[in-house]
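To start, the structure under review is shown below, and the notes come after it.
What follows is calculated from the coordinates using simple rules that are stated; it is not laboratory data. What you are looking at is a predicted structure, and each value in this text was computed from that prediction instead of being measured. All Cβ positions, glycine included, derive from the backbone under ideal geometry; neighbour counts span all protein chains shown.
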Amino acid sequence: MRVLFTLGLVATMAAGALAQSAAELKAGDMAPDFTLQGTDGKTHKLSEYRGKQAVVLAWFPRAFTQGCTIECKSLAENGDKIRRYNVAYFMASVDPLEQNIKFAKATSVTLGERVVEKKEADFPMLSDPNKEIAGKYGVLNERGMANRWTFYIDRNGRISAIEKMVRPETSAEDMVAKLGELKVAMR
């Protein structure tokens, strides 16, 4: 019994420390580096974008769910507006890569009794199945999924803004507005 209590206490403290360190991420901080597999077959490293272009990392809870489908649809339908900026943008989750590949390629998703039509994602979706990077960004919630938060990272690798109230249906338009507000260079 004592061992179980100690293990529980250690796990709680570790989770608290993870949340504490991640909760401290704010605009002006260096973004935690990442190396994640993308649905485009490439490995994406934040460090490879430094000095070249800004990065937007839009965390989402789970593939094939309502909000995530709507957010992906918004980004796929409005990618031309986002690509006007010198920015690499990604959706990211803790789903396995195979799940994100299926989600990125899906042109319709059944949500209960409703079918949502969407374009195939024309941007990479990143997978962090071991949750290491999600932990560094502080997006993990108590259910072990990522919160729907978007990180705007400047070309020097610093966090410019963190959006924690993402609206899936207008995520692309909101992203474009934020990129303009942050004065990200146009292509």
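Where nothing but the Cβ of Lys and Arg (+1) and of Asp and Glu (-1) is charged, how large is the charge dipole of the chain around its Cα centre, in debye to the nearest 20? Before the final figure, lay out the partial values.
Values: 27 positive and 23 negative charges, 56 e Å.
Charge dipole of the chain: 280 debye, to the nearest 20.
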- Task: Step through the residues of region 71-86 one at a time and calculate ³J(HN,Hα) from phi using the Karplus curve (6.51 cos²θ - 1.76 cosθ + 1.60, θ = phi - 60°), rounding each to whole Hz and writing x for Gly and Pro.
- Result: 5, 4, 4, 4, 5, 5, 6, 10, x, 4, 6, 5, 5, 5, 9, 7
- Item | Residues SER108, SER93, sorted so that the one with the fewest Cβ neighbours within 10 Å comes first | SER108, SER93
- Task: State the answer as a single residue: which of TRP149, VAL184, ALA172 lies farthest towards the positive end of the charge dipole of region 125-187, with beta carbon charges of +1 for Lys and Arg and -1 for Asp and Glu, about the Cα centre.
- Result: VAL184
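Fewest Cβ neighbours within 10 Å first, please rank MET30, MET125 accordingly. Don't skip to the answer; put the middle values down first.
Values: MET30 12, MET125 27.
The most exposed by this proxy come first: MET30, MET125.
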- Note on the structure: Per the C-alpha gyration tensor (a ≥ b ≥ c, the square roots of its eigenvalues), region 129-174 is rounded if a/c is under 1.5, else prolate if a/b beats b/c, else oblate; here it's oblate
- Starting from the Cα of LYS81, step 7 Å along the direction of its Cβ; do the same at ALA177; then give the gap between the two resulting points in nm. 1.0
- Note on the structure: Computed from every Cα-Cα pair in region 38-180, P(r) in 10 Å bins starting at 0 and rounded to whole percents is 12, 45, 37, 5, 0
- Could I have the simple spin-label model distance between ASN147 and LYS102, label points 7 Å from Cα toward Cβ, reported in nm to one decimal? 2.9
- Item | ALA31 long-range amide H proximity, modeled H, under 5 Å | ARG158, ILE159
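Quick one: order THR69, THR107 by neighbouring beta-carbon count within 10 Å, fewest to most.
On the way: THR69 22, THR107 9.
With the sparsest Cβ surroundings first, the list reads THR107, THR69.
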